[in-house]
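A quick write-up on the structure given underneath.
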Ligand code: SF4
């Protein structure tokens, strides 16, 4: 009981009502449930003419309206759906070319004061083995990720708990950046740390920003107010819908302009969640001038002692999930789209052409799991938030991507060169971001192939590199000489050269 009282006090300390109220319009937030529900039952003109008109707008990298997005979701003609899927792939190619950025999740703590009905880490789930990594343990995890697997980019995840407060977050991020693992003539290192955490106050976000983070992610889980209240008990911090909804407004106010939004598909009608994500993107664009850097769309997976996760009436079928991803790609064409290892390998492969830009690999979501078994793919369900569907190694994923014509990018240059926020949005919308990113994708792929790839992955990777270098020469001749100089230096052992 003493602990529960402590948590109530923690909740009061954490939520700053004035940091919600300032963004509300007449006391109301920007998710209008009635309007979104009405759009889902309205009659939409799904004729080929209308659908192609909407697709054409997407192809100009313009954000769609709610009505246009609802129309696309209402399409049932398989031929038109196929056209939408092709367009989704074209948009991705136009904005991000054939690059897939890769990363690994790193869970630093799994104790949580909240009680989300769908989550294996909810406070009242006694089946979970709780822990929080010490700074030495963080170092060991990073040595495995950066020194054995070759990751350059992490998404760090924290439970919401006084033991993993802002000071712990800043200390652990700094500890991650400090790790340098000897690899070949040089060293392996994490160069970009993205953060997935609970909503923070502006003051805490400013502190977080000093640690040098990449993207700050907070997923709303469900945008549907009533469902949100049902699965997030009111006596918990997470029970406050609006504290979460305005997390990105506060992040931008604190100077963090790369933000990632997301919804957990399976809590409510997937069509509503797509409109919710769109509403969030439009709100950020219109109020703060910068849309989301990434959108995530995790699908609910089974979790230890968590029957809700398997029994929700709104579980999303594979076909529905495919359509949701296609429509998100068309509706918010400039944004990065993250498909994680929650999905099985076959599903991930089949969804990639719909406009996916980022994916994780060799993922382990048990706290401390990377150091326990650096090369193994074993999981620790008793320490995890949910069950992973794809436990393939990074090498296997890179190999498959190469067979499909994708180059795996380990690029982390953007935020280190100041290409974030408005700057990156402008580059993405105008199709210019690729000018830098292709060069950096080639350089970092060269590094990874030489330092970490298996012989078969290296063999196919060389073919991808030859093709990419030829493209740089043809399409970007002005920078080719400077680029090729960096490429040669990288081939000879230099590391972390970027544009
Ligand atoms: Fe805690 Fe997040 Fe799980 Fe909710 S979803 S119980 S906030 S870890």
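Readers should treat all values here as calculations from the given coordinates under stated rules, not as data from a laboratory. It should be emphasised that the depicted structure is a prediction, and the values quoted were computed from it without experimental measurement. Cβ atoms come from the backbone with ideal geometry, glycine included; neighbour counts cover every protein chain shown.
Exposure proxy shown here: for 83, 53, the number of other Cβ atoms within 10 Å sets the order, fewest to most, as 53, 83. An oblate overall shape is assigned to segment 187-227, the ratio a/c of its alpha-carbon gyration tensor axes (a ≥ b ≥ c) being 1.5 or greater and a/b not exceeding b/c.
Ordering 363, 317, 373, 312 by the number of other Cβ atoms within 10 Å of each residue's own Cβ, fewest first, gives 317, 373, 312, 363. Taking each DSSP H run with n ≥ 4 as -39500 (n - 2.57) and averaging over every residue of the chain yields -14000 deg cm²/dmol at 222 nm. Find how many whole Å separate the alpha carbon centroid of segment 338-360 from the alpha carbon centroid of segment 116-154. One Cα centre to the other: 22 Å.
In segment 1-138, Cα pairs under 8 Å separated by at least six residues give a relative contact order of 15 percent. Classify the chain as rounded, prolate or oblate from the Cα gyration tensor: take a ≥ b ≥ c as the square roots of its eigenvalues, call it rounded if a/c is under 1.5, otherwise prolate when a/b beats b/c and oblate if not. Here the chain falls in the oblate category.
Spatially, segment 31-63 and segment 260-321 are offset by 18 Å when compared through their Cα centroids. Sorted fewest first by neighbouring Cβ atoms within 10 angstrom, 73, 347, 467 come out as 467, 347, 73. Antiparallel beta bridges, as assigned by DSSP with both residues in the chain, represent about 15 percent of the total such bridges. Averaging the sequence gap over all C-alpha pairs within less than 8 Å and six or more residues apart, then dividing by the number of residues, gives the chain a relative contact order of 20 percent.
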